[in-house]
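K.L.:
I have a structure I would like to understand better, so I am pasting it below and will then ask my questions one at a time.
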Ligand code: C2O
C-alpha cells in the first residue's frame with residue numbers, strides 16, 4: 001500500500017535532528033485540529049501563466065529585486081503562518097527528521113529521502129514555496145531560480161545568494177566555497193586539487209553517468225530499472241531509506257555537503273537535513289535536481305513512464321498552499337510539469353550529453 005499523508009495532529013519532535021544541533025527546532029507546522037481543512041490537490045487551470053524558472057547565474061536586476069522582495073516578505077510573516085519562511089524551511093525538517101509517523105505504524109517515521117518519494121516530494125515542496133512567494137508580491141508568473149550546476153557557467157556558488165545584505169544570504173555556509181570557487185559535484189569533504197578545466201570535465205561526466213547510464217543498463221538488461229534513477233520502492237509499513245536514485249546520491253548530496261558550513265557542528269545549514277532549507281539556496285539547488293527529472297521525462301526519454309506502481313503513484317504528502325490551505329498531493333499529481341504550469345529556462349544544449357567517461 002502507498003505511504004499515506006501524515007496526521008499533522010500527531011506531529012512530534014523531529015527525532016533525527018542530531019543532539020549536537022545548536023538548537024533543536026520544532027518542525028511541526030501550525031495545525032488546528034477541527035479547524036484546519038484539508039483539500040485534495042487540483043492542478044492550476046490550464047490557461048494560467050507558465051512560470052519559467054531562470055538559471056540563477058543569468059537573472060537580471062529586475063528579477064532579482066522581485067525575488068528578494070518576495071523572500072523578505074516571506075521572512076516577515078508571523079512565525080505561526082504556515083507560509084512564513086520560519087515554517088517553510090521546517091516543512092523539510094518535518095519530512096526528513098522523523099517528526100511524522102506513518103499512519104497506522106506508530107514509531108515508524110516518514111522519510112522522503114533515499115527512496116522513490118525524493119523527486120515528487122521535492123517538486124511539490126518547491127511548487128508551493130514558489131506560489132507563496134509569487135502571491136506575496138502579487139505576481140502569478142513568479143518562478144524560483146535554479147542552480148545550473150550541470151553547465152560550466154553554473155559550476156560555482158550562485159552569486160545572487162552570496163550578497164551579505166540580501167535576504168537570500170545565509171551566514172552558515174562554507175566560506176571557502178564562495179564564488180568564483182569551482183564546484184565539485186563529487187565533493188566528499190575535502191577540496192580537490194584538480195585544475196578547474198579538469199574539474200569541469202569530471203563534473204560533466206558525472207552528470208552524464210547519473211542521467212544516462214541507468215537507462216543504458218535498462219536497454220541492455222531489458223529490466224525496467226526506473227528505480228535506479230527515481231529511487232527504491234518505499235511503501236506503507238516499510239523502514240525508511242530503501243535506497244536513493246542516482247541523482248539524489250550524486251550530485252544532490254555532495255552539493256549539499258559542499259555548501260554547508262564546516263564550522264558548524266553538522267555542516268549547517270545545507271549540509272544536514274534538518275537545517276538545509278533554512279538556506280534560500282536550497283530552493284535553487286532543488287530547482288536543478290527537479291530539472292534533471294524534467295529533462296529525463298521531456299527530452300531524453302519522452303513518453304517513458306517512471307514507475308507504474310500504484311504504491312508510488314498514490315503515495316501522499318501534505319503542504320500548505322499560497323492561501324494557507326492544507327493540500328493533499330499524490331505522486332501522480334506531480335509527474336507533468338507543464339500541467340503544474342512551470343518550466344525551466346532553455347539554457348541551450350546540454351553540455352553533459354556527450355560527456356561519456
Ligand atoms: Cu530534501 Cu536536498 O534534500
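The values are calculated or read from the model by the stated rules, or taken from the named source; none is laboratory data. Worth saying up front: this structure is predicted, and the values here are computed from it rather than measured. Positions of Cβ are backbone-derived with ideal geometry, glycine not excepted, and every protein chain shown enters the neighbour counts.
K.L.:
Kindly evaluate residue 241 against the criterion of being away from the ligand (no atom under 16 Å from the Cβ) and more than 21 Å from residue 56 (Cβ to Cβ).
P.N.:
Criteria not met by residue 241.
K.L.:
Something else: Could you check residue 282 against (1) more than 10 Å from the ligand (Cβ to nearest atom); (2) in contact with a helix residue (DSSP H, G or I) (Cβ under 7 Å, 6 or more places away or on another chain); (3) not in a loop (DSSP other than H, G, I, E, B) and say which number it fails?
P.N.:
That leaves (1) as the condition not met.
K.L.:
If you don't mind, another one. Tally up the residues in the stretch 1-37 that are modelled with pLDDT of 95 or more and in contact with a strand residue (DSSP E or B) (Cβ under 6 Å, 6 or more places away or on another chain), please.
P.N.:
Qualifying residue count, the stretch 1-37: 2.
K.L.:
Is it true that residue 346 is modelled with pLDDT under 95 and more than 30 Å from residue 36 (Cα to Cα)?
P.N.:
Judged against the criteria, residue 346 is not a match.
K.L.:
Among the residues of the stretch 261-274, count how many are away from the ligand (no atom under 11 Å from the Cβ) and under 23 Å from residue 99 (Cβ atoms).
P.N.:
Matching residues across the stretch 261-274 total 6.
K.L.:
For residue 69, work out the one condition from (1) surrounded by fewer than 20 Cβ atoms within 10 Å (Cβ to Cβ); (2) within 14 Å of the ligand (Cβ to nearest atom) it doesn't fulfil.
P.N.:
Of the numbered conditions (1) surrounded by fewer than 20 Cβ atoms within 10 Å (Cβ to Cβ); (2) within 14 Å of the ligand (Cβ to nearest atom), the odd one out for residue 69 is (2).
K.L.:
Applying the selection to the stretch 258-279, what residues are in contact with a helix residue (DSSP H, G or I) (Cβ under 7 Å, 6 or more places away or on another chain), crowded, with 23+ Cβ neighbours inside 10 Å and not in a loop (DSSP other than H, G, I, E, B)?
P.N.:
Passing the criteria: 258, 259, 274, 276.
K.L.:
Test each condition in (1) part of a helix (DSSP H, G or I); (2) away from the ligand (no atom under 16 Å from the Cβ); (3) modelled with pLDDT of 95 or more; (4) touching a helix residue (DSSP H, G or I) at 6+ places or on another chain (Cβ under 9 Å) for residue 296 and report the one that comes out false.
P.N.:
(3)
K.L.:
Next question. Within the stretch 143-166, how many residues turn out to be crowded, with 19+ Cβ neighbours inside 10 Å and assigned to a loop (DSSP other than H, G, I, E, B)?
P.N.:
Within the stretch 143-166, residues that are crowded, with 19+ Cβ neighbours inside 10 Å and assigned to a loop (DSSP other than H, G, I, E, B) number 11.
K.L.:
Scan the stretch 304-339 for residues that are free of Cβ contacts under 8 Å to residues at least 24 places away in the same chain and in contact with a strand residue (DSSP E or B) (Cβ under 7 Å, 6 or more places away or on another chain) and report the count.
P.N.:
Total satisfying the criteria: 0.
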